[in-house]
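Note sheet for the following structure.
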Ligand code: F0G
């Protein structure tokens, strides 16, 4: 018979995790003000809050750490990373930062001014935050297909060229300096952007004389989907696809905590020496000197190795198949999820689970709380709380998707854990009609509120 799939690695080091009782979880949730970010990690059995910085490094990455060069300037670790970025991503210039949002902060200090408009595909919350903090506007140009969760469409992360055209038609050209394309599109469900779409957006940007910046946290997963779904790429290696993707970009911001499988780190890479020089000034102010910028030498070494491993087909296949394994179980049980299953997470459509709870009572947060109470599983709301208030009207933005994201850390949990997660979701789903009340906000920050929001269960 045909042999089933198995991961292309074995486990060498383990960390214990703890189960708890429902009574304990009720108490802890009360103490956490119904914000799952406030839980202690040992109050969580299976932690799906994020796939960011939570993966397991390889033995080669740990070995590379031991060779980290901690010189303040000109460390060999910096040059290792510079070579990896040049060889794998094709960029001549790069600036290390401590994580992805730091890369955004430094780059946007050069590129974003008050009154600017930044079109893109479902900007991630820190990206949007750094734009709105500078009194500029992020305009979402994601294709409409992304908003129909049951619809099977291979590249739901794509940018809608007509929406893009409209942004340029309606705004003063001097206000738009770049387009940002997020690969994969996290907020719409870890959905990929096709090479065709990247090419079209790049041609559009050139025609308009603006830059194309790629928010690249999950660029390798994006390449995996191009290889497995887009005609003409089936025989190309992930590294070949990655190299082609970046030929269309002028610059990239990177949160290395995802596809480069390190616990902390980020960078900006660019073609223009002029842009590098301008960003360098801010980097020295905010992050550190140009040859470390917020990272230690050992971390740069692990990142260089992680970029190489993370762009191997086997690494990606093991990871994405596990996410699919969980997602397909939920689909089998008719639990509404964003389809097809994305690269890094399963996104449950809470609007479809709890149509009886008013939208103003935050359906996705309610579902995330129920899932924690059920089995100590911590997911995250990607819905109206995360969307923040409109910076001008200060109204809640209830227009978008209401997801609970179950992000799967890389090389961390087994499929037995996936089975527990699926069963817990099924139990909550089966009693969904008994849950008729959501939550209300009692305290919130003016921007990026979901990290610190305090909530009351109604
Ligand atoms: N861009 C994308 C697409 C992201 O998903 C993230 C982080 C960032 C930028 C910011 O990077 O965390 O290193 O500062 N996403 C994490 C998540 C936090 O859970 O999805 P960072």
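Between region 387-417 and region 7-55, what is the C-alpha centre distance in whole Å?
17
Which order results if 188, 202 are arranged by neighbouring Cβ count within 10 Å, fewest first?
Fewest-to-most ranking of 188, 202: 202, 188.
Suppose R0 equals 35 Å; then what is the FRET efficiency for residue 433 and residue 151 from their Cβ-Cβ distance, rounded to the nearest 0.05?
With R0 = 35 Å, the Cβ-Cβ based efficiency is 0.85.
On a full-extension model of 0.36 nm per residue, what is the gain between residue 40 and residue 71, subtracting their alpha-carbon distance, rounded to one decimal in nm?
Gain in length upon complete extension: 7.6 nm.
Counting DSSP beta bridges with both partners in the chain, what percentage is antiparallel, nearest 5?
Roughly 65 percent of the beta bridges in the chain run antiparallel, per DSSP.
For residue 30 paired with residue 208, estimate the spin-label separation in nm (one decimal), with each label point 7 Å from Cα along the Cα-to-Cβ line.
Modelled inter-label distance: 5.3 nm.
Over region 291-435, what is the mean sequence separation of C-alpha contacts under 8 Å (at least six apart), divided by residue count, expressed as relative contact order in percent?
Relative contact order of region 291-435: 24 percent.
So how many Å³ per residue does the convex hull of the Cα atoms of the chain work out to?
Once divided by residue count, the hull of the chain is 147 Å³.
Tell me, 231, 258, 278 in order of fewest to most beta-carbon neighbours within 10 Å?
Sorted ascending by nearby Cβ count, the order is 231, 278, 258.
Is it possible to state the helix-based mean residue ellipticity at 222 nm for the chain, with each DSSP H run of 4+ residues giving -39500 (n - 2.57), the sum divided by total residues, to the nearest 500 deg cm²/dmol? What is it?
The helix contribution divided over the chain gives -11500 deg cm²/dmol.
Just grab the label-to-label distance for residue 170 and residue 237, each label 7 Å out from Cα along the Cβ direction, in nm (one decimal).
4.5
Largest first and to the nearest Å, give the Cα extent of region 60-309 along each principal axis.
Sorted largest first, the three principal extents are 49, 43, 28 Å.
Roughly how many nanometres apart are two label points built 7 Å out from the Cα toward the Cβ at residue 83 and residue 272?
3.0
What is the chain's relative contact order, in percent, from Cα pairs under 8 angstrom and six or more apart in sequence?
After rounding, I find 23 percent.
Expected output is a single nm value to one decimal: the length gained when fully extending between residue 426 and residue 200, i.e. 0.36 nm times separation in residues minus the C-alpha distance. What is it?
Here the answer is 77.3 nm.
Only the coordinates and a few stated rules stand behind these numbers; no lab work does. Please read all numbers here as calculations on a predicted model, not as lab measurements. Positions of Cβ are generated from backbone atoms using ideal geometry, with glycine treated the same way; all protein chains shown enter the neighbour counts.
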